[in-house]
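In what follows, a structure is listed as structure tokens, so that the remarks can point back to it.
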Amino acid sequence: ELFARAARDCHEPGRLARLMTYARDDFPRALVQDWREEALGHWSRHRPIADTGTPEPHQSEKLLLYGTTLIGAVLTPWLFVAWQIGDGDLAVVEHDGTLSRPLAPAEEDLGDETESLCGREAWSAVRMHWAPVFDQSRTPRLVVLSTDGLSKSFASGDGYRQFVAGLDGRLASEGSEGVREVLPHWLEQASKYSGDDTTLAAALRHASTVTGGGPPDLPDVSPAAPPDAPPMDTERNTET
């Protein structure tokens with residue numbers, strides 16, 4: 001919340017540079033520290049009653065029980081910035097329809113292994129996407145945050161990208177209310193294929209500023225999926 005307030009007034013070049021340094025270096029440390037304090041505080045309030053003589057778990061063991069991934073973003077008229085640690089997906093549809101995944105790792109994690117907030121130096125594993133907006137007409141028209149249960153529900157590597165492109169098209173043709181009604185069904189469908197949580201949060205630019213061609217249909221979750229589009233949802237994705 002504090003960062004969002006600072007970002008609203010960061011269009012001056014000097015302030016923008018200082019905010020970028022904070023977002024890259026200091027914010028991840030503060031984020032991890034706050035999370036650890038919350039996790040350890042919860043442990044202290046709700047720790048299991050142990051037999052007398054049972055040693056207190058080490059702090060790292062306590063944090064491991066709460067270990068989780070994280071993905072989040074702040075959007076203002078002047079700035080789009082996002083952070084991620086561990087799995088999950090950030091997809092951005094630019095003003096011209098170009099689709100990108102700016103926080104995707106260079107190499108995918110193996111199996112279910114992933115970075116987590118409970119890591120020893122978790123702040124160093126936080127990835128950041130920094131995108132100042134100098135021309136309001138070039139503001140991204142759609143930003144999608146989702147848990148990895150969604151992207152893992154597709155039969156091919158391009159399935160998630162096609163889903164986001166289709167979501168962008170449906171939003172343009174039907175509006176947010178129409179998509180909002182069917183989104184839970186899509187997400188429920190996707191979770192059946194991935195066997196994992198499927199959670200999605202999205203920011204849509206006002207319809208009056210969106211331009212582009214006709215919308216494509218949303219893809220199926222897999223070749224065997226029904227003709228409806230697949231589900232999405234913002235997963236907690238807890239690693240233990």
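The rows are residues; the columns are (1) modelled with pLDDT of 90 or more; (2) over 23 Å from L31 (Cα atoms).
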{"residue": "E115", "(1), (2)": "yes, no"}
{"residue": "G119", "(1), (2)": "yes, no"}
{"residue": "V144", "(1), (2)": "yes, no"}
{"residue": "Y160", "(1), (2)": "yes, yes"}
{"residue": "E174", "(1), (2)": "no, yes"}
{"residue": "G213", "(1), (2)": "no, yes"}
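Residues that are open to solvent by 90 Å² or more (accessible area, probe 1.4 Å), under 24 Å from the mean Cα position of the chain (by Cα), within 20 Å of W83 (Cα to Cα) and at pLDDT below 95: does the range 3-13 have at least one? Yes, that holds for at least one residue.
I'd like to check something: does the range 52-59 contain any residue that is in a helix (DSSP H, G or I) and at pLDDT 90 or above? Among the residues of the range 52-59, at least one is in a helix (DSSP H, G or I) and at pLDDT 90 or above, which makes the answer yes. G175: out of contact with any His (no Cβ under 8 Å at 6 or more places or on another chain) and at positive phi, yes or no? Criteria met by G175.
Taking the criterion of being part of a loop (DSSP other than H, G, I, E, B) and either at pLDDT 95 or above or acidic (D, E) (or both), the residues of the range 70-97 that qualify are D87, E94, D96.
Scanning the range 130-142 for residues that are among the β-branched types (V, I, T), open to solvent by 10 Å² or more (accessible area, probe 1.4 Å) and either in a helix (DSSP H, G or I) or farther than 30 Å from D26 by Cα (or both) turns up nothing.
For the range 182-205, the candidate set comprises residues that are under 26 Å from T139 (Cβ atoms) and in contact with a helix residue (DSSP H, G or I) (Cβ under 7 Å, 6 or more places away or on another chain); within that set, the residue that is least open to solvent (accessible area, probe 1.4 Å) is L200. Pairing residues of the range 56-67 that are more than 11 Å from L117 (Cβ to Cβ) with residues that are open to solvent by 60 Å² or more (accessible area, probe 1.4 Å), at Cβ distances under 8 Å and at least 6 apart in sequence or on separate chains, gives S60/R120; L65/T240.
Results for (1) under 16 Å from the mean Cα position of the chain (by Cα); (2) farther than 17 Å from H206 by Cβ, shown as yes or no for each residue.
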site	(1), (2)
F134	no, yes
R141	no, no
L145	yes, yes
G149	yes, yes
K152	yes, yes
S156	no, yes
A165	no, yes
D168	no, no
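The values are calculated or read from the model by the stated rules, or taken from the named source; none is laboratory data. Computed from a prediction, not measured in an experiment: that's the story for all the values here. FYI the Cβ positions are ideal-geometry reconstructions off the backbone, even for glycines, and counts take in every protein chain you see. We work out accessible area using only protein heavy atoms, side chains counted, and drop any ligands, DNA or RNA first. Shrake-Rupley method; radii C 1.70, N 1.55, O 1.52, S 1.80 Å.
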